[in-house]
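Here the structure comes first, spelled out in structure tokens, and everything after it is commentary.
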Amino acid sequence: MAQLIIKNLYHKFGATEILADINFSLAQGKVISIVGPSGSGKTTLLHLCGNLLEIVDGEVDNSFSSQAFAFQDARLLPWQTALDNIAFGLKGGGVAKKQRHKLATKMAFKLGLNNDDLAKFPKDLSGGMRQRVAFARALVIKPELMFLDEPFSALDIGLKQELQHLLMGLVVNEKLSIFFITHDLAEAIKISDEILVLDADPGRIVKQIVLDRPRESRDEDYIFNTTRQLLQDPQIISTFELNFKKK
Amino acid sequence: MNAFINIIKDFPRYLWSGWGAIASLFLFLALWDLGNQFNGSLVLPSPQETFIALWQMLHTVEIWTDVAITVERSLWGFVISVVLGGGLGVLAGSFATASIMSRPIITVMMGVPPIAWIILALLWFGVSDGSIIFTLVVASFPIVFVGALQGTRTLEGDLNDMSNSFKTPLLMRLTDVYFPHVFSYIFPASISALGMSWKVVVMSELLASTPTGIGASLAVARSHFDSPVAMALVLIMVIFLLLIEYVFLEPIKREVEQWRN
């Protein structure tokens, strides 16, 4: 079974230590979330795992056959229509134009886009629409592993739920694995199998939380209670500097 | 191909949108005529006299050869500027050191007026097409160079990460990610360069005392104190520039830049 294994990973930018001694693994069909304050090296970790940054020290063993990213901003090519943007990854994979447009259109419909939207340039799409296009672009290549870098943070609640629901469906049915970065604890509790808490200076894993309850039975109460419980954890309090009021 | 069809399809609507421009041109003609009534025909020939001179001129063979020669020279200067400026600009933009080092040189090149370049060119190459084209290139090349340099420097790391995340092949990264961005800088710069080379070519022809070209005809008109002919020649230059800009370049610009805000 495909998996992502990180062993003794360190990273520096110049003399600044960004990440230290990172160890974890992500199995097929699982969702792992990284939470941590800004500057804790979450995005750097994602870039290292996704092979967008060169590994300096440590090991990243990625045996997934395909992967895709969704970033906080949609990162669409402004000079291409929504349709061509969605087909971008397919084109890179050598899929012929007719076929990739067909696949892209099908995926776009699944994400609630219509034919009018597909003919538009990104400048004429709303922020939410752009993120739909970005997800369609990522999902249309049928990735085994998805890297999500806070892609829901600028979206309204409805769209956020819709996209999360879609992804969770793929996790169950297609054995999609997800590497999810967020600073929203409740969001992480809702969708993850495992949560890693990253503390800053340098970024290191200070807490590992395994969520046993099956995802479909995690109701509002469970999410609320677990979040509250975690927010009272001394380790979490010091990581997110939640005690500043008491000082 | 699609883009070309779109350009043709939108053309009538585009022409229709030109009424405002025509109104302002007629206002200009009225002011011109007023200037003639105050200053007399020797200083400023009336639009009517000018158009008559133009009409007669257009019936001679010489003017067409002169126009053709001038157009050819300026096109050569323009094409060389775009190829050289675009190529070197992208190259310089790809390296931080090269872009920092090239800036002062470009400032110097742009700081020297074209009129000085033509004198130098005449000293170096004598009276020839080469001198004129050299001047055109020196005057227009920096404009394209700066555009290409800026386009290359401002390539977005975010889009690059995105395309890397799909393991996009290099050729496709060039055509889909890098080229459209750099082109969106080079294209407007090239339009400026074309305007520049069209203006400088006439000046160079006049100063180089070549026997051919619009500049040469202008010199003859000057020596004969023939203001209507001189005005008619100016008109030809302006009409040509307007034709190139609004019939040729503007529709292309609308099509290739419709993704812009």
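The values are calculated or read from the model by the stated rules, or taken from the named source; none is laboratory data. Being a predicted model, the structure only gives us computed values, none of them experimental. Methodologically, a virtual Cβ is constructed for each residue, glycine included, from the backbone with ideal geometry; neighbour enumeration extends over all protein chains shown. For accessibility, only protein heavy atoms count, side chains too; no ligands or nucleic acids. Shrake-Rupley method; radii C 1.70, N 1.55, O 1.52, S 1.80 Å.
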| How many Å³ per residue does the convex hull of the Cα positions in the range A:1-136 occupy? | 149 Å³
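Starting from the range A:88-142, pick out the chymotrypsin sites (Phe, Trp or Tyr not before Pro) whose DSSP state is loop and whose Cβ has at most 11 other Cβ atoms within 10 Å.
Values: sites: A:88, A:109, A:135; in loops: none.
The qualifying sites: there are none.
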| task | Could you rank the peptides A:35-44, A:169-178, B:193-202 by their average count of other C-beta atoms within 10 Å per residue, with the highest value first? | result | B:193-202, A:35-44, A:169-178
| How many Cβ atoms of partner chains, on average, are near each residue of B:76-83 if near means within 10 Å of its Cβ? | 0
| message | Checking an interface number: how much accessible area is buried between A and B, summed over both chains, with a 1.4 Å probe, in Å² rounded to 100? | response | 2000 Å²
| What are the residues of the range B:156-177 that lose 50 Å² or more of accessible area, with a 1.4 Å probe, going from their chain alone to all protein chains? | B:158, B:159, B:161, B:162, B:165, B:166, B:172, B:176
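Scan the range B:213-261 for chymotrypsin sites (Phe, Trp or Tyr not before Pro) in coil per DSSP, keeping those whose Cβ has at most 14 other Cβ atoms within 10 Å, and list them by number. Mind showing how you got there, number by number?
On the way: sites: B:225, B:240, B:246, B:248, B:259; in loops: B:225, B:259.
Those that pass, being in a loop and sparsely packed, are B:225.
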| note | Whole-percent carbon and sulfur contribution to the accessible surface of chain A (1.4 Å, no ligands, DNA or RNA) stands at 49 percent
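Packing-wise, with mean Cβ within 10 Å as the measure, how do A:63-72, B:31-40, A:179-188 rank, highest first? It would help to have the intermediate numbers written out before the result.
Details: A:63-72: 18.5, B:31-40: 12.3, A:179-188: 20.7.
Going by the mean number of other Cβ atoms within 10 Å, highest first, we get A:179-188, A:63-72, B:31-40.
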| query | Where in chain B are the helices, taken as whole DSSP H runs, whose Cα atoms extend 18 angstrom or more along the long axis and whose Kyte-Doolittle mean reaches at least 0.0? | reply | B:2-16, B:19-39, B:61-93, B:96-111, B:129-153, B:179-208, B:227-242
| Carbon plus sulfur fraction of accessible area for the range B:1-127, probe 1.4 Å, in percent | 77 percent
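Where does the range B:62-256 land on Rg(C-alpha)/(2.2 N^0.38 Å)? Kindly include the intermediate steps, with their values, before the conclusion.
Working: Rg = 19.6 Å, N = 195, 2.2 N^0.38 = 16.3 Å.
So the Cα radius of gyration is 1.20 times the expected 2.2 N^0.38 Å.
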| query | log10 I(q)/I(0), Debye, Cα-only chain A, no solvent, q = 0.11 Å⁻¹? | reply | -0.61
| query | What percent of all Cα-Cα pairs in the protein assembly as shown falls in each 20 Å bin, counting up from 0? | reply | 18, 38, 25, 16, 4
| Relative contact order [Cα under 8 Å, 6+ residues apart], the range B:62-256, whole percent | 29 percent
| query | Looking at the range B:1-108 from every direction and averaging, what is the projected area of its Cα convex hull in nm²? | reply | 12.9 nm²
| request: Scan chain A and note any complete DSSP helix (H) whose C-alpha atoms cover at least 15 Å along its axis and whose Kyte-Doolittle average is 0.0 or more. | output: A:127-139, A:157-174
| said: With θ taken as phi - 60° and the coefficients 6.51, -1.76 and 1.60, list the Karplus ³J(HN,Hα) couplings across the range A:197-214 in order, rounded to whole Hz; mark glycine and proline as x. | reply: 9, 9, 9, 8, 6, x, x, 8, 7, 9, 7, 10, 10, 9, 9, 7, 5, x
